[in-house]
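Encoded as structure tokens, the structure appears first; notes follow it.
What follows draws every value from the coordinates through simple rules; no lab data is involved. All of these numbers come straight from a predicted model, not from anything done at the bench. Cβ sites come from the backbone with ideal geometry, for glycine too, and all protein chains shown count toward neighbours.
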Amino acid sequence: MVRFLGGLVGLFFAGMLLLSFIWGAVSAVPVVAEYGKFVPPTAEQEFHKHPMQVAWSFSGPFGKYDKAQLQRGFQVYSEVCAACHSLHQIAFRSLADLGYNEAEIKAIAKAHQVPAIDPNTGEATTTEGAPADKFPLVYPNDVAARAANNNAIPPDLSLMAKARHDGSNYIHSLLVGYQDQPAELLRKFPDAKTGEGLHYNPYFANLNLAMAPPLSAEGQVTYAEGQPKPTIDQMAQDVSAFLTWAAEPKMETRKSTGVGVMIFLLFGTVLAYMAYQNIWAAKEH
């Protein structure tokens, strides 16, 4: 009796499995016929764009940072981005890599208030920054960040260029990629309409982000005489280069070391081959 009931239960589950398979196949037929695959495409899949490619001075195995561009990028960050985004992993003294002298670095650090401890009371306070200090956080915690940014948390930009695939090009494309939502997108995906307080950008993963266009007008940042015209694209390139340096300040050293190692290995390989030929020249193989 038990075996009989067990067989009936097995048949029931096998039948349900077969019916589920048939129902799934029938449901998939119109989707495959229309889209050529089992899952219909999403708005993100169809309208998300890969970053535009820029000819950076630091691209390639022999690329180097353009210090003038890095200084312009730091200026853009300071005047546009620093109001919301921290750079907390970078110390003021590291700006020497950009070409700033000691006096300039001290002045930049002094313009910032950094966390400190009152030596008399032991309570938390702030003091003028010193070259050894790191850039302070813009917001003391995530709650304050959300409250000031429509419930969104502006990310720290110290490692952003390494945290995103093709980071330099991604940051540049994101900054210049704001646009109106395409009519075709709304026609094909009416439920994907950009919500209130969001901004359409095809270079962002889900097409909509809370950050308004930070670079909105030519000349928004005034460059020094002799520098390129501060167009939106130029400012975006400059700050992208600066954030690439922030994420990888030792890139030039790494590249030069890598080239030296490759030359050493090539030279060592030639010597090893010549030694092999000399030692085994009279030996039968």
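Listed values, structure above:
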| item | result |
| --- | --- |
| For S86, S256, S78, order by how many other beta-carbon atoms lie within 10 Å, fewest first | S256, S78, S86 |
| Separation in nanometres of the label points that stand 7 Å from Cα toward Cβ, at I153 and A224 | 3.8 nm |
| Backbone HN-Hα couplings from phi across region 208-223 [Karplus 6.51/-1.76/1.60, Hz, Gly and Pro as x] | 10, 9, 6, 6, 5, x, x, 9, 10, 8, 4, x, 4, 10, 8, 7 |
| Listed candidates [x] 65; [y] 46; [z] 52 - label of the one calculated as percent of Cα pairs over 25 Å apart | [x] |
| Sites I117 and V54 - FRET efficiency at Förster radius 45 Å, r taken between beta-carbons, to 0.05 | 0.55 |
| Nearest-0.05 FRET efficiency for A132 and A272, computed from C-beta distance (R0 51 Å) | 0.60 |
| Per residue convex hull volume, Cα atoms of region 91-140, in Å³ | 72 Å³ |
| Residues whose placed amide H lies under 5 Å from that of A116, excluding near-sequence neighbours | T125, T126, T127 |
| Value of [θ]222 nm, deg cm²/dmol, for the chain, DSSP H segments ≥ 4, -39500 (n - 2.57) each, nearest 500 | -14500 deg cm²/dmol |
| Percentage relative contact order, the chain, counting C-alpha pairs under 8 Å, at least six apart | 22 percent |
| Residue order, fewest to most surrounding Cβ atoms within 10 angstrom, among M262, M235 | M262, M235 |
| For N208, distant residues with modelled amide H under 5 Å away | N201 |
| Karplus (6.51, -1.76, 1.60) ³J(HN,Hα), θ = phi - 60°, over region 41-56, in Hz, Gly and Pro reported as x | x, 9, 4, 5, 5, 7, 10, 6, 10, 6, x, 5, 8, 10, 7, 6 |
| R0 of 22 Å, Cβ-Cβ distance A205-V261: FRET efficiency to nearest 0.05 | 0.05 |
